[in-house]
1. Just to verify a result, which residue in region 147-178, among those that are assigned to a helix (DSSP H, G or I) and touching a strand residue (DSSP E or B) at 6+ places or on another chain (Cβ under 9 Å), is farthest from ALA21 (Cα to Cα)?
2. So GLU56 fits all but one of (1) more than 20 Å from ALA114 (Cα to Cα); (2) assigned to a strand (DSSP E or B); what number is the exception?
3. Please report, ordered by residue number, the helices (runs of 4 or more DSSP H) entirely within region 65-146 with at least 1 residues that are open to solvent by 40 Å² or more (accessible area, probe 1.4 Å) and away from the ligand (no atom under 16 Å from the Cβ).
4. Contact list please: Cβ distance under 7 Å, first residue in region 52-71 and under 23 Å from LEU38 (Cβ atoms), second residue modelled with pLDDT of 95 or more and among the charged types (D, E, K, R), pairs at least six apart or on different chains.
5. In region 22-34, how many residues are open to solvent by 40 Å² or more (accessible area, probe 1.4 Å) and not polar (S, T, N, Q)?
6. If you scan region 27-53, which residues turn out to be more than 9 Å from the ligand (Cβ to nearest atom) and assigned to a loop (DSSP other than H, G, I, E, B)?
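The values are calculated or read from the model by the stated rules, or taken from the named source; none is laboratory data. Given the structure is predicted, the values throughout are model-derived calculations rather than measurements. Because the Cβ atoms are built from the backbone with ideal geometry, glycine has one as well, and the counts that use them run over all protein chains shown. The area values use the complete protein model at the heavy-atom level, side chains included, leaving out ligands, DNA and RNA. Shrake-Rupley method; radii C 1.70, N 1.55, O 1.52, S 1.80 Å.
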Amino acid sequence: MNANQLPAGAQEGRLKILGKASSINVRKVLWLCAELGLDYQHEAWGSGERDTQVPEFIALNPNAMVPVLLDGDFVLWESNSICRYLAARQGRSDLLPTEPQARARVEQWMDWQAGELNNSWRYAFMSLVRKSPAHTDPQALAAGIQNWNRHMQMLEQQLARSTGAFVTGDQFNLADIVLGLSTHRWLMAPIDAALRPQLPRVQAYYEELSKRPGFMAHGRNGLP
Ligand SMILES: N[C@@H](CCC(=O)N[C@@H](CS)C(=O)NCC(=O)O)C(=O)O
């Protein structure tokens, strides 16, 4: 990475986070920084904010997506990778265990959130929340809500199996950051009450996470 390509300020020894605060993936990083007590500079990039389809941004992330983390001349994209990096950088084995099986369990839920759960809500979210003109088909919306609910029911089942208040047990960790934000998105979505299943463990989990200032600042802060 040529340091000359970095946006101004990235070479001052302070972390820099690029990405709009309304993005679920950016919010993971902002919440984690609050948990870690990390200082950072923040620039709002992404649709509705600064356009990522410009050469200076694409030089940082060829996907033209947010978030991007700059740590000196180290540039990292993919929100879950950024979370793992920051937790490891700060030596926080409570958030990302070093024991292989415990770590794999946390990563399993993080990967499921990014690959399965996040994909299940796209149509319904674009339709109900973003009011996208390209997402107005009633059948696709109904199927999307059903698929989103089905994934949230898997989270409900996991919380029933968990031996503690959090997804993998009694220790809050990175899996809870990513799944907490997904929970917030589902609870905030204006899904017709008749179509929304009651998920009491998911609701209790949301309240448990709401005890954390980082979640209140970057998750449960009024943004969908
Ligand atoms: N897998 C990526 C997905 C990133 C992503 O989808 N970012 C969205 C915002 S949530 C984005 O950058 N959209 C383009 C834009 O806002 O311009 C990650 O987890 O970082």
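1. The first filter runs over region 147-178 and keeps only residues assigned to a helix (DSSP H, G or I), leaving 147-161, 174-178.
Remaining after also requiring touching a strand residue (DSSP E or B) at 6+ places or on another chain (Cβ under 9 Å): 159, 175-176.
Numbers: LEU159: 28, ALA175: 20, ASP176: 19 Å.
Step by step, filter region 147-178, then rank; the result is LEU159.
2. (2)
3. On the way: elements: 79-89, 100-112, 122-128.
Once the helices (runs of 4 or more DSSP H) in region 65-146 are filtered for at least 1 residues that are open to solvent by 40 Å² or more (accessible area, probe 1.4 Å) and away from the ligand (no atom under 16 Å from the Cβ), what remains is 79-89, 100-112.
4. VAL66/LYS20; LEU70/LYS16
5. 1
6. GLY37, LEU38, ASP39, ALA44
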